[in-house]
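> This is the structure I have questions about; it appears just below.
Please treat every number below as a calculation from the coordinates, not as lab data. Everything quoted here is computed from the prediction, not taken from an experiment. No Cβ is skipped: glycine too gets one built from the backbone with ideal geometry, and neighbour counts run over all protein chains shown.
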Amino acid sequence: MPKRSATSLLILPAVVLVITALWWLSPREDALVVYCAHDAEFSEPILQDFERQTGIPLVIQFDTEATKSLSLIQRIKAEKNQPRCDVFWNNETLGIIDLAEDSLLEPYKGTGYERIPEKYKDSEGRWTGFAARLRVVIFNKDLIKSLEATEAAILKLIEEEPKRFAIAKPLFGTTLTQYSAHWKEWGAEKLQAWHRQQHAKGIQEVAGNAKSKDLVAGGNCQAGFTDTDDYYVAVDAGKPVEMVPVRLNDGATICIPNTVAIVKGAKHQEEARKLVDYLLSAEVETRLAKSAARQIPLGEVDPQQVPSEVRDLMDEAEEGTDLRLLTSARRDCLEWLQKEYLQ
Amino acid sequence: MSLWEATLWTWLRCLFMAGSLLPVIARINHELNGVQQSQRKWVWGILLLPLLTPGFLVGYAYGRGLLALREWQWWNELAYLLLSTARWMPLGLLIVRLAPAAPLTPTGLHCWKLSQQRVRTWQGHLSDFETWISFGEGKKYLLAFGLLFLVTFHDFDLAALMGIQSWNVWLFDAQGAGMALNESLQRLIVPLLVQVGTLAPILWFAGRGWNLTNEQASQEVVFTSRFFLTGWSVLAGLGGCLVPWGLVIAEGSPGFTAIWRQGNQWLGLLQEGMNGLVAGGTSGCVAILVSRWICNGGTRSRKWSVRDLFLVPGLVGPLAIGLVMLAVFQVSWIARFSPLGLSWLLGLVIWLMPIGVLLQLGFRNQAVPMALHLGEILKQSSIGNQRRSGWRIWWKLRGDEWIWGIVPLVWWSYFDLTISSILAPPGSVSAPVRLFNQMHYGHSAMLSALTGGAVLIPVACLGMLLTVRRIWLRGGIQ
């Protein structure tokens, strides 16, 4: 009998092991694939309820801090020839507009589409917004007694002590949306000069809004930019924080809704439509308003079902700037930021 | 900071870290010889604690405290250096302890120096150093240096968490900012060249001339001070393992009861833990097989073979591997025919192979040649009892090599966050990836409890494996 090494004897079991692993890791063929950028803590129970109510099995791919390196938007772009995602639940707006402009989304105007205000949805129905958050300045009450909710007051605060003001890196997320709004309003030159000046003076730039909130809540910074959902994490943790919404020169707030869309070439069109209708329902908006993230309903809901602090935010949300008009500003701003940070 | 600058900065930091760890390893290795055989496994257990503590648990535990340091960048760098050295030192020590005997013993090297009878010039010192590296104990330290450079150059999670400048954090940001996949892949050439340029001479020196026929130099107990060993073990064990665990347990204890009541939380954790174990276990087993095949490609004196080329892709780091695999599996005909999950497994195998080969090189001299030879003869016997005895001897001598070759690979791939988050199929995410995502949003009792649970899943599996091994050896070897 020819001598065989232990390694060669183990090739067959290894092949069996790989096949078994691939079987285990493969999603169900009949499942609706959902890419979800909203926090799993809040979105998963809602999606699980949809599964229970409709019997449609879901496979959910959450966005992660680690995959910010390859966000779900880029994943959808990368998969355009072989789409794997059926429904995309994004946690902001400008990225999904980008996908719509690349013709990667399927138009759909269902029952949920009708109840959302005009400025928070695509006129062709390729995406629809719901359950929003506001861009805010969070400040530590032990360090600052009060803060006027005007652009001038906020800029003055940053000018005075930039080293004690926190901001997330503007290359992505809602900070990029805020920069895009300023880009459109102030013009490229003014924003670029302001950005460089504050960085030269040592503004505290961190990886994300949660860290910006942590620096303020912990007293390391007196104030910082963040979103309402992160702000309420600090409030619930009993931190001495307060907030004012970021307002642009014209008084508009920056209200950033979640968005939902059906991906072009989705294999489960009918089920995808059911999920989109479900997510855009008053029931889901109310649930998200009641969650720890206090998402602001955009469509009509029963006010008695919504927590009082969210009811207060609903007026601010109505004053939100039209994010659809920021598409080109975002593109130009991002191009400049890439040069600024990555060259 | 440009990619070039970030790569240069990472390179300098990693060289410094790997270089400064060598005297530490040498000192601990020396003092370890002063520990009684019966106590050594306990000392090893303590030394390995920081290495076995997953980076994301350490990062989560220290996260809030370290945020306050970000205003003072150098302190932040120092904290990162301390945590990294505590974490990686045991790996270097393992390589030094497991490496085969050097061609020249310290006595032989001393005799060689005496025979040179030359004036002590810098050329003479250089020649001594070269001989020490090429033929003496220096080979082991060179191998350890190479491995430490490799793992620190690839470190991403702790660096990103602490806001440390590094090439892979740069690429991470660039991707997040919308850099196209093709462009990212082109940019990868810079760190790849730097890494290969650093590791190639190390591998060339370290890979040749091992004395594979001789047994490891005697590690008899010698009287020596154990001050440094004790100090390092206590500080690294506390800072790299016990304090982070303590913080997580203290915060998570109210969460344990809450999730115990919510059965679906535990079930979800188990399901995701199984995903991680299936992917990690499969890729670890395949990686060890390929590593052994690569190691068998050279001659007994370990000359280079074409098989070594299979290691090159693994040197680019998990982020680069993830991106490349994603690009490859997007090619339409591959995407159409390849099962989901294959790219994930393949990515993990590629990443694990260089570490697998280094472990194999380390294990090569651990078996006793005579006993192995006897076992091999018995395995070929036509008499059943003798053949079974041969297999038992083989298992006693080689089985541990398989187990301790696979276990670290499975451990690392289970806790990998980068490749897994990029390549895992929808719905098959592993527990560490899922929890790392939630850690971004802050601390909570439930999250701390789940984090503890996610780490305990592979620990429990390892415990079961060792129990089975013990029962097998007790029953099988008389």
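> Among B:253, A:244, B:466, whose Cα lies farthest out toward the positive end of the dipole of the protein assembly as shown, if unit charges sit on the beta carbon of Lys, Arg (+1) and Asp, Glu (-1)?
Ranked along the dipole, the leading option is B:466.
> Over region A:183-257, what relative contact order in percent results from Cα pairs under 8 Å that are six or more residues apart? Each step should come with its number before you reach the end.
Values: 41 pairs, mean separation 15.7, N = 75.
Here the relative contact order equals 21 percent.
> While we're looking at this one, here's another question. Inside 10 Å of the C-beta atoms of A:23-34, what's the mean count of C-beta atoms belonging to other chains?
On the way: counts 3, 8, 14, 7, 6, 1, 0, 0, 2, 0, 3, 2.
Per-residue shielding by partner chains comes out at 4.
> What distance in nm separates the simple spin-label points at residue B:338 and residue B:296, each placed 7 Å from Cα in the Cβ direction?
In this crude label model, residue B:338 to residue B:296 measures out at 2.7 nm.
> Further, regarding this structure: Students often forget the sequence filter, so: which lysines lie under 23 Å Cα-Cα from residue A:211 once same-chain residues fewer than 8 apart are removed?
Qualifying lysines at Cα under 23 Å: A:68, A:141, A:145, A:156, A:163, A:169, A:201, A:239.
> How do A:262-275, A:144-157, A:288-301 rank on mean C-beta neighbours within 10 Å, highest first? It would help to have the intermediate numbers written out before the result.
On the way: A:262-275: 18.6, A:144-157: 14.1, A:288-301: 21.9.
My ranking of the peptides, most packed first, is A:288-301, A:262-275, A:144-157.
> Right, here's the next one. Between residue B:113 and residue A:53, what is the FRET efficiency for a Förster distance of 60 Å, r being their Cβ-Cβ separation, to the nearest 0.05? Spell out each step's value before the answer.
On the way: r = 81 Å, r/R0 = 1.35.
My answer for the efficiency is 0.15.
> Longest segment of chain B with no trypsin sites (Lys or Arg not before Pro) in a DSSP loop having at most 12 other Cβ atoms within 10 Å?
Details: sites that count: B:118, B:120, B:300, B:303.
Of all site-free stretches, the longest is B:121-299.
> Taking each residue of B:417-427 in turn, how many C-beta atoms of other protein chains fall within 10 Å of its C-beta, and what is the average? It would help to have the intermediate numbers written out before the result.
Working: counts 4, 3, 1, 3, 9, 6, 2, 3, 8, 15, 13.
Whole-number average of other-chain Cβ neighbours for B:417-427 is 6.
> Under a crude label model (7 Å from the Cα following the beta-carbon direction), how far is residue B:256 from residue A:336 in nanometres?
Result for the modelled spin labels: 5.4 nm.
> Pop the C-beta distance of residue B:125 and residue B:12 into the FRET formula with R0 = 22 Å and round what comes out to the nearest 0.05.
Values: r = 25 Å, r/R0 = 1.12.
After rounding to 0.05, the efficiency reads 0.35.
> Pairs of lysine in chain B with Cα under 26 Å and at least 8 positions apart or on different chains: total?
Pairs that pass both the separation and distance tests number 9.
> Right, something else. Computed FRET efficiency, Cβ-Cβ of residue B:238 and residue A:114, R0 45 Å: what is it to the nearest 0.05? Each step should come with its number before you reach the end.
Numbers: r = 61 Å, r/R0 = 1.35.
The computed FRET efficiency comes out at 0.15.
> Is the protein assembly as shown best put as rounded, prolate or oblate by its Cα gyration tensor, with a ≥ b ≥ c the root eigenvalues, rounded for a/c under 1.5, and otherwise prolate when a/b is larger than b/c, oblate when not?
Values: a/c = 2.11, a/b = 1.66, b/c = 1.27.
Because a/c hits 1.5 or more and a/b exceeds b/c, the protein assembly as shown counts as prolate.
> Against the longest principal axis of chain A, how steep is helix A:327-342, in degrees 0 to 90 to the nearest 10, with axes from Cα atoms?
Relative to chain A, helix A:327-342 is tipped by roughly 80 degrees.
> Rank by packing, highest mean first: peptides B:352-361, A:43-52, with packing defined as the count of other Cβ atoms within 10 Å averaged across residues. Could you put the intermediate results ahead of the total?
Numbers: B:352-361: 24.1, A:43-52: 16.5.
Result, highest mean first: B:352-361, A:43-52.
> Still on this structure, please answer the following. Lysines within cross-link reach of residue A:119: Cα-Cα under 18 Å, excluding same-chain residues under 8 positions apart?
Within reach: A:109, A:184.
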